[in-house]
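For reference, the structure is listed below as structure tokens.
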Amino acid sequence: MIKAIKGTKDILPENIGKWNFLESVVKKISLEFHYGEIRTPIFEETGLFSRGIGESSDIVSKEMYTFVDRSGTSITLKPEMTASVVRAYIEHSFDKQQSFKKYFYISPMFRQERPQAGRLRQFHQFGVEALGSNNFTLDAEVILMAYLILKEMGLNNLSVKINSLGVPESRENYKKILRSFLSDKFDGLSDDSKRRYDTNILRIFDSKDERDIQIMENAPHLIEYLDDDSLEHFENVKQILLKAGVPIEVDPILVRGLDYYTNTTFEITSGSVGTQTALCGGGRYNLLVKQLGGKDIPGVGFAAGMERILLACENENVLNLPGSTIDLYVVSINKNFGKEIFEIVCLLRGKGLSVEMDYQNRSVKAQMREANRLKASKVLMIGGDEYERGTAILKSMEDGEQKEISLSKLDKIIREG
Ligand code: HAM
């Protein structure tokens, strides 16, 4: 038997309600903040991600689904959306017009990570990207949006961590300081961190290895070496968020796994989801548009993992969605009435009612059981003696009351109860 690929999941109709609810919250808040929906292709040229996210990042170095297509082009299933959105922004010449654009998206993403609860190989993100302004209000806006969406989902156990990575010059200067701090401790680092010492030294802060954690406890922090403009920008972002009631905590070791960040970075974690605690992450990327071949245009955004958010909602028991119901179930009393019933059912569906019928030649009793299971508000029984009179029996499932009604006035009667 062929099974779904490891790390992928079917979303069945039984579970779609919570997905639709989350998507409706994302769309509602994005609309309120005036972000327009963008949809980009599921795959891109591999170079977009290796240049955008960075060769030394975990995503590019070990997690991408990359293949060569029949024309010899290296293709990658998108592991994240920021690079794709920036590609689209440049491709449609918005960078040349210095256009200010605010986008939101909901899309599947692909990363070949080790699957576990809250970590999949095909997962879903929603997110936003705002391009064309370096204004600190925009950093605060995207963080506020992420927070409001999670709150609207009913989540409580949240931490909003925020940091600033400054500009490349101060970061390069800081890396030298960090390198010299670590030089006499190098032998005590884990193998991964020894490698990162040369390739991506900031990421040593992300290590879960006890040896690294102990060494990094006394390491100097980038935030102490920020240039004045970055510091002022960061202070302004923090002030706005605190005023808006977002419970931010400065986390000086929040470095994030993608290389494109400058200045503000943030993550929102949940205490309700086991080990994969990051529900969303993002920040500013003022150099990415240029790095991908466009003009010098700043950007800021975030992306959130939808599986993790829904897991947190389940664990906090905060999603009490109404189950699905139908307006009417049509019971066939006489098995020879299939065509007539189908015609009536289609007519009522055409009037906007949600209607179901039996397709399996089941007994009247089994059809009534099905109507109950589907939580039908009403049942219409067709095919008894009364059919000769052009009528059928309508039963209210709420109070059990039955009445004989004319088939020609069906939709009006059903609507009016
Ligand atoms: P990211 O931190 O790589 O950032 O991913 C954002 C969120 O996607 C994570 O916080 C997590 O909830 C979810 N996620 C990531 N990998 C997986 C996985 N394997 N399974 C389930 N969920 C996952 C980005 O993707 C950046 N593009 C965010 C951004 C947008 N920065 C600026 N703009």
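The values are calculated or read from the model by the stated rules, or taken from the named source; none is laboratory data. None of the values given here were measured: they were computed from a predicted structure. Cβ coordinates were reconstructed from backbone atoms using ideal geometry, including for glycine residues, and neighbour counts include every protein chain displayed. We work out accessible area using only protein heavy atoms, side chains counted, and drop any ligands, DNA or RNA first. Shrake-Rupley method; radii C 1.70, N 1.55, O 1.52, S 1.80 Å.
Taking the solvent-accessible surface of protein heavy atoms with a 1.4 Å probe, what is the per residue accessible area of region 326-416 in Å²? Before the final figure, lay out the partial values.
Numbers: 5470 Å² over 91 residues.
Solvent-accessible surface per residue comes out at 60 Å².
Using the 2.2 N^0.38 Å rule of thumb for compact globular proteins, work out how region 1-99 stacks up: its C-alpha Rg over that value, please.
Details: Rg = 17.2 Å, N = 99, 2.2 N^0.38 = 12.6 Å.
Taking N as the residue count of region 1-99, the ratio is 1.36.
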Cα long-axis angle, helix 82-91 against the chain (0 to 90 degrees, to the nearest 10): 90 degrees
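Return the Rg/Rh value of the chain, two decimal places, where both radii are evaluated on C-alpha atoms and Rh is the Kirkwood radius.
Details: Rg = 28.0 Å, Rh = 25.0 Å.
With Rh from the inverse mean 1/r over Cα pairs, Rg/Rh is 1.12.
At 222 nm, what value in deg cm²/dmol follows for the chain if DSSP H runs of at least 4 each add -39500 (n - 2.57) and the sum is divided by all its residues, to the nearest 500? Intermediate results must be reported in sequence, preceding the final value.
Numbers: 13 runs with 145 residues, N = 417.
My calculation for the chain gives -10500 deg cm²/dmol from helical runs alone.
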Two-site label geometry, TYR359 and GLU235: point separation in nm, points 7 Å out along Cα→Cβ: 6.6 nm
In Å², nearest 10: area of ASP411 left accessible to a 1.4 Å probe: 40 Å²
Percentage relative contact order, region 175-293, counting C-alpha pairs under 8 Å, at least six apart: 18 percent
Electrostatic dipole magnitude of region 353-401 [Cβ: Lys, Arg +1; Asp, Glu -1; Cα centre; debye, to 20]: 240 debye
log₁₀ of I(q)/I(0) at q = 0.15, 0.17, 0.19, 0.26 Å⁻¹ - region 61-122, Debye sum with one point per alpha carbon: -0.65, -0.77, -0.87, -1.09
Förster radius 35 Å - calculated FRET efficiency between LYS208 and LYS151, Cβ distance, rounded to 0.05: 0.75
Label point distance in nm, ASP187-ILE413, each placed 7 Å from Cα along Cα→Cβ: 9.2 nm
Cα centroid of region 38-117 to Cα centroid of region 253-320, whole Å: 15 Å
Accessible surface of the chain [probe 1.4 Å, protein heavy atoms]: carbon and sulfur percent: 49 percent
Peptides 240-250, 153-163, 220-230 ordered by average Cβ neighbours within 10 Å, highest first: 153-163, 220-230, 240-250
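Dipole of the chain, Cα-centred, from +1 at each Lys and Arg C-beta and -1 at each Asp and Glu C-beta, to the nearest 20 debye? Walk me through the intermediate numbers first.
Values: 55 positive and 60 negative charges, 232 e Å.
The dipole magnitude comes to about 1120 debye.
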Sequence of ASP206, ASP385 when ordered by accessible area, the most exposed leading, probe 1.4 angstrom: ASP385, ASP206
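For the chain, what's the relative contact order in percent, using C-alpha pairs closer than 8 Å and at least 6 residues apart?
Details: 715 pairs, mean separation 66.3, N = 417.
The normalised contact order for the chain reaches 16 percent.
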Tensor-based shape of region 326-416 (alpha-carbon gyration tensor, a/c under 1.5 rounded, otherwise prolate or oblate): rounded
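Shape call for region 124-260 from the C-alpha gyration tensor, a ≥ b ≥ c root eigenvalues: rounded (a/c under 1.5), prolate (a/b greater than b/c) or oblate? Each step should come with its number before you reach the end.
Working: a/c = 2.22, a/b = 1.63, b/c = 1.36.
Because a/c hits 1.5 or more and a/b exceeds b/c, region 124-260 counts as prolate.
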Residues MET1 and ILE253, FRET efficiency given R0 of 51 Å [Cβ-Cβ distance, rounded to 0.05]: 0.65
Among the listed pairs LYS208/LYS243; LYS9/LYS365; LYS365/LYS403; LYS27/LYS243, those beyond 27 Å (Cα-Cα): LYS208/LYS243; LYS9/LYS365
DSSP-defined beta bridges in the chain - what % are antiparallel, rounded to 5: 80 percent
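Can you flag which of LYS28/LYS395; LYS6/LYS78; LYS18/LYS62; LYS175/LYS290 are past 29 Å Cα-Cα? Kindly include the intermediate steps, with their values, before the conclusion.
Working: LYS28/LYS395 38 Å; LYS6/LYS78 18 Å; LYS18/LYS62 32 Å; LYS175/LYS290 23 Å.
Result: LYS28/LYS395; LYS18/LYS62 exceed 29 Å.
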For q = 0.33 Å⁻¹, Debye-computed log10 I/I(0) when each Cα of region 341-388 counts as one equal scatterer: -1.30
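Could you tell me the calculated FRET efficiency between HIS92 and LEU242, based on Cβ-Cβ distance and R0 = 25 angstrom, to the nearest 0.05?
Given R0 = 25 Å and the Cβ-Cβ separation, E is 0.10.
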Normalised per residue, the volume of the convex hull around the Cα set of region 86-197 (Å³): 201 Å³
Residues in region 369-383 that a label on ASN334 would reach, taking backbone N under 12 Å of a point 7 Å out along Cα→Cβ: 382-383
Label-point separation, PHE342 to ARG39 (7 Å along Cα→Cβ), nm: 3.1 nm
